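Q: Dropping a structure here in structure tokens format, bear with me for questions.
The values are calculated or read from the model by the stated rules, or taken from the named source; none is laboratory data. What you see is a predicted model, and the numbers here were worked out from it, not measured in a lab. Cβ atoms come from the backbone with ideal geometry, glycine included; neighbour counts cover every protein chain shown.
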Amino acid sequence: MAVLVTALFLLGAPAALAAGTFDKNTVAANTDVNVTLQVSVDQLGAYDDRVVLDVPTGFRVLTCPNSDDFSCTKSTTTLTWKRTTQGAPVPLAVDDFTFRLHTIDRPGQYAFVVHQFYSDNTTANSAPKLTVTSAAARATTTTTVPKSAAAIHTESVGAPPPRTGRASASASTDTEPPWLTDSNLAAPAPIELGRESPRRGSAPMVVAGLIAAAAAAGVFWLRRRAAPTL
């Protein structure tokens, strides 16, 4: 690796070949997503001192946490990472910066602009892109309610014919037996409580009369025997 870096330096490689990329290429529209910006240090003998990311209009930065070597500040359309530790040139080093983003609600491809400020006061720019797709459609579930036994029976044999009421006695279409007509259905005679019919009460009265007559005859006979004879 050191031989490759030395060869590039001796061949007069460009001083600023910044390469900023994202850890993902595609995100859904109108959603919150975590994105990591990966910035390679392509300046020989230098390191990243400050990195600025320009966010396209329609995106909104939600959070921007600090890392071990950088602090982060955010505005509506800009993220800025500033080194907080003493850096050292590392050949082909890559710095990672993670942030949370609310994506735009319109699908398409959007370019972000990365500005790298090196420790040797040189700069480099790159433009990684994010492709925004339509928001995933929500899955719908259909609940099937089991049919009742009555519903299954109705489907198999058919519904019974509707019953029609009689508009009048003369307009009736129903045939009834003659003994079930209204004229034959007379109301039962009322029953009076506490009274007995004459036929049922005559027998006890006759018996009571006979007993009374027998008693009277007995009394008369006893008086005749008790009277003195002349």
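Q: Taking the range 82-141, which residues are out of contact with any Phe, Trp or Tyr (no Cβ under 8 Å at 6 or more places or on another chain) and aliphatic (A, V, I, L, M)?
A: Residues satisfying the conditions are Leu92, Val94, Ala111, Val113, Val114, Ala135, Ala136, Ala137, Ala139.
Q: Any idea how many residues of the range 26-58 are among the charged types (D, E, K, R) and under 13 Å from Asn125 (Cα atoms)?
A: Qualifying residue count for the region: 4.
Q: Which count do you get for residues in the range 32-55 that are in a loop (DSSP other than H, G, I, E, B) and at pLDDT below 95?
A: Result for the range 32-55: 7.
Q: So in the range 89-137, with the set limited to residues that are under 13 Å from Gln43 (Cβ atoms) and among the small types (Gly, Ala, Ser), which one is surrounded by the most Cβ atoms within 10 Å (Cβ to Cβ)?
A: Among residues in the range 89-137 that are under 13 Å from Gln43 (Cβ atoms) and among the small types (Gly, Ala, Ser), the one surrounded by the most Cβ atoms within 10 Å (Cβ to Cβ) is Ala124.
Q: Continuing with the same structure: Report yes if Phe70 is within 21 Å of Gly108 (Cβ to Cβ) and touching a residue at least 24 places away in the same chain (Cβ under 8 Å), otherwise no.
A: The answer is no for Phe70.
Q: Considering only the range 70-79, I want to know if a residue exists there that is at pLDDT below 95, surrounded by fewer than 12 Cβ atoms within 10 Å (Cβ to Cβ), over 17 Å from Asn25 (Cα atoms) and not hydrophobic (A, V, I, L, M, F, W, C).
A: So far as the range 70-79 goes, yes, one or more of its residues are at pLDDT below 95, surrounded by fewer than 12 Cβ atoms within 10 Å (Cβ to Cβ), over 17 Å from Asn25 (Cα atoms) and not hydrophobic (A, V, I, L, M, F, W, C).
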